[in-house]
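Trainee: Please see the structure below; I have some questions.
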Amino acid sequence: MNPEAQAAAAWQPDTMSHLAVETVGHVRVVRLDRPERKNALTASLGWSIVRAIGDANGDDDVRVVALTGNGDAFCSGLDLGGGDEEPVDAGLSDQQRMLDEKGWVGRFLLALRFETDKPVVAGINGAAVGAGLSLAMAADIRIAADTARLHPGYLRAGTSPDGGLTWSLPTLVGHENALRFLLECRFVDADEALRRGLVSEVVPADQLDERLLGFCDAVAARAPLAVRRTKRLVARTPLVTDVDGRMTEEIRNARAGLDSEDGREAVQAIIEKRTPEFRGR
């Protein structure tokens, strides 16, 4: 991270939710911040993650979300010892609470993959277990430290996966590979995770933050609306049943991009052999 970016970064720690939020340039960095509990999930932390993603989606100055953990773990899953002493404000009305069947964990995949069209990049800095693994898999892209260890966890606890893992995992690695990983129910180190397609890159642990922010910065330098349209199309591809309709949707989005102010600026920058300046318009 360069000195200018460090100076511009504004930390917003929330000791009640155990979430730390930092904005660096056009990147919103969301850090799980319960290192003493391996960033284990409580209801307040879970709902805070969902809200943080929603807040980033609503901020036009934010172009990419980086999701990682403080300490030596990404997220060790549900805190079986509890951890919430006060009632949790989920941001739901009384009737919504009565009708809600998903809770916070059931919103991870929806919030990260579908309710935001800004790329979410997970920096897996250590163990990702159970619902913590589901959270990582809900991200669009995963970069792992060489100290990362992944474990589905659910069968060990006598239950089946949640957090969208039964959708995200087969979509990522296929039916057989997903089911085998879930049924084996063991720790997988970073190198094996890379071989199995669970992550797309492994870096030394002491370089993870730099690589995570560097990757996000590079994406944030692209035309914002083009990035958002691209994620929106790719994220919904597994849901597409009408291929002909998808082709029309692709062309409509491509034309909108070329006709936009950023699209015209991109073409002009290519002609003039310079770096484009995008404004998100």
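Trainee: Which one of Gly163, Gly214 is within 20 Å of Gly69 (Cβ to Cβ) and touching a Ser or Thr at 6+ places or on another chain (Cβ under 6 Å)?
Mentor: That would be Gly163, the only listed residue that is within 20 Å of Gly69 (Cβ to Cβ) and touching a Ser or Thr at 6+ places or on another chain (Cβ under 6 Å).
Trainee: So which of Leu182, Leu198, Leu194, Leu233 ends up being under 25 Å from Arg142 (Cβ atoms) and open to solvent by 50 Å² or more (accessible area, probe 1.4 Å)?
Mentor: Values: Leu182 fails: open to solvent by 50 Å² or more (accessible area, probe 1.4 Å); Leu198 fails: open to solvent by 50 Å² or more (accessible area, probe 1.4 Å); Leu233 fails: open to solvent by 50 Å² or more (accessible area, probe 1.4 Å).
When all the criteria are applied, what remains is Leu194.
Trainee: Test Ser134 against the criterion of being among the hydroxyl-bearing types (Ser, Thr, Tyr) and either in contact with a Gly (Cβ under 6 Å, 6 or more places away or on another chain) or crowded, with 24+ Cβ neighbours inside 10 Å (or both), and give yes or no.
Mentor: Considered against the rule, which asks whether it is among the hydroxyl-bearing types (Ser, Thr, Tyr) and either in contact with a Gly (Cβ under 6 Å, 6 or more places away or on another chain) or crowded, with 24+ Cβ neighbours inside 10 Å (or both), Ser134 comes out as yes.
Trainee: Let me ask you something else. Evaluate the following for Gly82: is it modelled with pLDDT under 95 and on the phi > 0 side of the Ramachandran plot?
Mentor: Criteria met by Gly82.
Trainee: Specify the residue that is surrounded by the fewest Cβ atoms within 10 Å (Cβ to Cβ); the eligible residues are those in the stretch 137-154 that are among the β-branched types (Val, Ile, Thr) and closer than 25 Å to Gly54 by Cα.
Mentor: Let us first name the residues in the stretch 137-154 that are among the β-branched types (Val, Ile, Thr), namely 141, 143, 147.
Filter again for closer than 25 Å to Gly54 by Cα, leaving 141, 143.
Values: Ile141: 18, Ile143: 24.
Here the answer is Ile141.
Trainee: Pairs please, first residue from the stretch 165-186 and under 19 Å from Val120 (Cα atoms), second anywhere and open to solvent by 60 Å² or more (accessible area, probe 1.4 Å) and part of a helix (DSSP H, G or I), Cβ atoms under 7 Å, 6+ apart in sequence or on different chains.
Mentor: Thr171/Pro238
Trainee: So the check is Cβ under 7 Å with 6+ separation or different chains; which pairs have a first residue in the stretch 202-219 that's surrounded by fewer than 21 Cβ atoms within 10 Å (Cβ to Cβ) and a second one that's of a type in the set (Lys, Arg)?
Mentor: From residues that are surrounded by fewer than 21 Cβ atoms within 10 Å (Cβ to Cβ), the pairs are Val203/Arg211.
Trainee: If you don't mind, there's one more thing I want to ask. Which of the residues that make up the stretch 50-74 are under 23 Å from Ala205 (Cβ atoms), surrounded by fewer than 24 Cβ atoms within 10 Å (Cβ to Cβ) and out of contact with any helix residue (DSSP H, G or I) (no Cβ under 6 Å at 6 or more places or on another chain)?
Mentor: We begin by selecting, within the stretch 50-74, every residue under 23 Å from Ala205 (Cβ atoms); these are 64-74.
Remaining after also requiring surrounded by fewer than 24 Cβ atoms within 10 Å (Cβ to Cβ): 70-72.
Residue satisfying the conditions is Asp72 alone.
The values are calculated or read from the model by the stated rules, or taken from the named source; none is laboratory data. Just so we're clear, the structure is a prediction, and the values are computed from it rather than from any experiment. Neighbour counts run over all protein chains shown; Cβ positions are idealised from the backbone, glycine included. Each accessible area value is taken on the protein alone, full model and side chains, heavy atoms only, with ligands, DNA and RNA left out. Shrake-Rupley method; radii C 1.70, N 1.55, O 1.52, S 1.80 Å.
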